[in-house]
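K.L.:
Can you keep this structure in mind? I'll have questions shortly.
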Amino acid sequence: MYTHNTKLRVRYAETDQMGYVYYGNYPTYYEVARVECIRSLGLSYKELEEQGIILPVLEFTIKYVKPAFYDQELTLVTKIEKLPSTRITFKVECFNESQELLNFGTVTLVFVNKETKKPCHPSQDIINALKPYFSEK
């Protein structure tokens, strides 16, 4: 399993009238966490696109537990629990500064050939970057 932590600070514009982070901002937070997770492996979405691979979201789920507030520093813990095939799933947990769980969810993306728009296998770069974190079975 591969795990990466990303820190974000809640901006005022991301809160609603109650002072809570507006629920619609969490998909963006999860995207930042996902992009930084891939970057931590020495890769980038830009490089994947240059290799002819795009990654549309197939599924997004989230369970809200507690609200986040303006100016809190959030930690998003992103996990890849299995080597990708034509899909890759990121599990995300969001914590506040007191390490209280605020929400958790999953994002599943599909590797798609940019030209044909059909599902494809991940690049060898992704497999090589992730393989050391998974035991042989």
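K.L.:
For the range 32-129, which chymotrypsin sites (Phe, Trp or Tyr not before Pro) are both in a DSSP coil and crowded by at most 14 other Cβ atoms within 10 Å?
P.N.:
Taking the range 32-129 and a limit of 14 other Cβ atoms within 10 Å, the loop chymotrypsin sites (Phe, Trp or Tyr not before Pro) found are 70.
K.L.:
Same structure, new question: Taking a label point 7 Å from the Cα of residue 127 along the Cα→Cβ vector, which residues of the range 71-100 have an amide N closer than 13 Å to it?
P.N.:
Answer for this model: 83-87.
K.L.:
Pull out the extension gain between residue 1 and residue 101, defined as 0.36 nm times the separation in residues minus the alpha carbon to alpha carbon distance; nm, one decimal. List each step's numbers first, then the result.
P.N.:
Values: separation 100, 0.36 × 100 = 36.00 nm, distance 2.05 nm.
Net length gain for the segment: 34.0 nm.
K.L.:
Search the structure for amide H atoms under 5 Å from the amide H of residue 87, placed 1.01 Å from N in the peptide plane, and list their residues when 5 or more places away or on another chain.
P.N.:
111
K.L.:
Under the rule of at least 5 residues apart or a separate chain, name every residue whose amide H is placed under 5 Å from the amide H of residue 74.
P.N.:
Answer set, sorted by chain and number: 8, 9, 10.
K.L.:
Separate question: Identify which of 123, 98, 40 has the largest mean-square fluctuation in a Gaussian network model of the chain, with springs joining Cα atoms closer than 10 Å.
P.N.:
In the Gaussian network model the winner is 98.
K.L.:
Just to check I understand the Karplus step: with θ = phi - 60° and J = 6.51 cos²θ - 1.76 cosθ + 1.60, what whole-Hz values come out for the range 23-38, glycine and proline as x?
P.N.:
Taking θ as phi minus 60°, the curve returns 4, x, 7, 5, x, 5, 4, 5, 5, 4, 4, 5, 4, 5, 4, 5 Hz for the range 23-38.
K.L.:
Could you check how many percent of all C-alpha pairs in the range 2-133 are farther apart than 17 Å?
P.N.:
Of all Cα-Cα pairs in the range 2-133, 59 percent lie more than 17 Å apart.
K.L.:
Using +1 at the C-beta of Lys and Arg and -1 at the C-beta of Asp and Glu, which of 72, 89, 19 has the Cα lying farthest in the positive direction of the dipole of the range 2-133?
P.N.:
89
K.L.:
Give the cross-link partners of residue 7 among the aspartates and glutamates, using a straight C-alpha distance below 15 Å as the criterion and excluding same-chain residues fewer than 8 apart.
P.N.:
Once the sequence-local aspartates and glutamates are set aside, what remains near residue 7 is 31, 36, 71, 73, 93, 97, 100.
None of the figures in this text is laboratory data; all of them are computed from the coordinates on show. Note that this is a predicted model, so its numbers are computed, not measured. Cβ sites come from the backbone with ideal geometry, for glycine too, and all protein chains shown count toward neighbours.
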